[in-house]
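Q: Input: one structure, supplied below.
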């Protein structure tokens, strides 16, 4: 398995998704890699299941989002991360890593107002993200 670091673009699509039920409908459990390796990297972009995920290690665990800003669609792999917030390098908009809420005083024009934090789970030594099944 190959995982891209912050500056590099992901080169490999992982294929370890499996369908599970979450009570509201089918979701796909997608493997993002080993917890130890992801934790050591701190911030990583992983290409899996036809998407690119930004995986951020925080003191409280992992935060996973799509590697695109909901405001303008810019990549987030080089976003500034400070104290539980992520700041898009393309336009400076900041989001909370606790709930995805915008932290700027001005509203986010041109896109949804929140950063979607994806549900994660650790199974064995691997980190998985849950996404809607196709």
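The values are calculated or read from the model by the stated rules, or taken from the named source; none is laboratory data. No experiment lies behind these values; they were computed from the predicted model shown. For neighbour counting, all protein chains shown are included, and Cβ atoms are generated from backbone atoms with ideal geometry for every residue, glycine included.
Q: Collect the residues in region 68-82 that are under 10 Å from the mean Cα position of the chain (by Cα) and not in a strand (DSSP E or B), keeping them in residue-number order. Show your work before the answer.
A: Just the residues of region 68-82 that are under 10 Å from the mean Cα position of the chain (by Cα), to begin with: 68, 76-77.
Selection gives 76, 77.
Q: Could you tell me how many of the residues in region 38-67 are farther than 15 Å from residue 127 by Cβ, touching a strand residue (DSSP E or B) at 6+ places or on another chain (Cβ under 8 Å) and either part of a loop (DSSP other than H, G, I, E, B) or free of Cβ contacts under 8 Å to residues at least 12 places away in the same chain (or both)?
A: 1
Q: Then there is this: So for region 100-122 (the condition being at pLDDT below 90 and in a strand (DSSP E or B)), does at least one residue qualify?
A: There is at least one residue in region 100-122 that is at pLDDT below 90 and in a strand (DSSP E or B).
Q: Just one of 71, 91 is farther than 17 Å from residue 42 by Cα, out of contact with any strand residue (DSSP E or B) (no Cβ under 8 Å at 6 or more places or on another chain) and surrounded by 15 or more Cβ atoms within 10 Å (Cβ to Cβ); which is it?
A: On the way: 91 fails: surrounded by 15 or more Cβ atoms within 10 Å (Cβ to Cβ).
None of the other options fit; the residue is 71.
Q: Follow-up. Going by the structure shown, is residue 99 under 26 Å from residue 28 (Cα atoms) and either buried (at least 19 other Cβ atoms within 10 Å of the Cβ) or under 13 Å from the mean Cα position of the chain (by Cα) (or both)?
A: Working: under 26 Å from residue 28 (Cα atoms): yes; either buried (at least 19 other Cβ atoms within 10 Å of the Cβ) or under 13 Å from the mean Cα position of the chain (by Cα) (or both): yes.
Considered against the rule, which asks whether it is under 26 Å from residue 28 (Cα atoms) and either buried (at least 19 other Cβ atoms within 10 Å of the Cβ) or under 13 Å from the mean Cα position of the chain (by Cα) (or both), residue 99 comes out as yes.
Q: Could you list, in sequence order, all residues of region 74-88 that are crowded, with 21+ Cβ neighbours inside 10 Å and touching a strand residue (DSSP E or B) at 6+ places or on another chain (Cβ under 6 Å)?
A: Looking only at region 74-88, we keep the residues that are crowded, with 21+ Cβ neighbours inside 10 Å, and these are 76, 79, 86, 88.
Selection gives 76, 79, 86.
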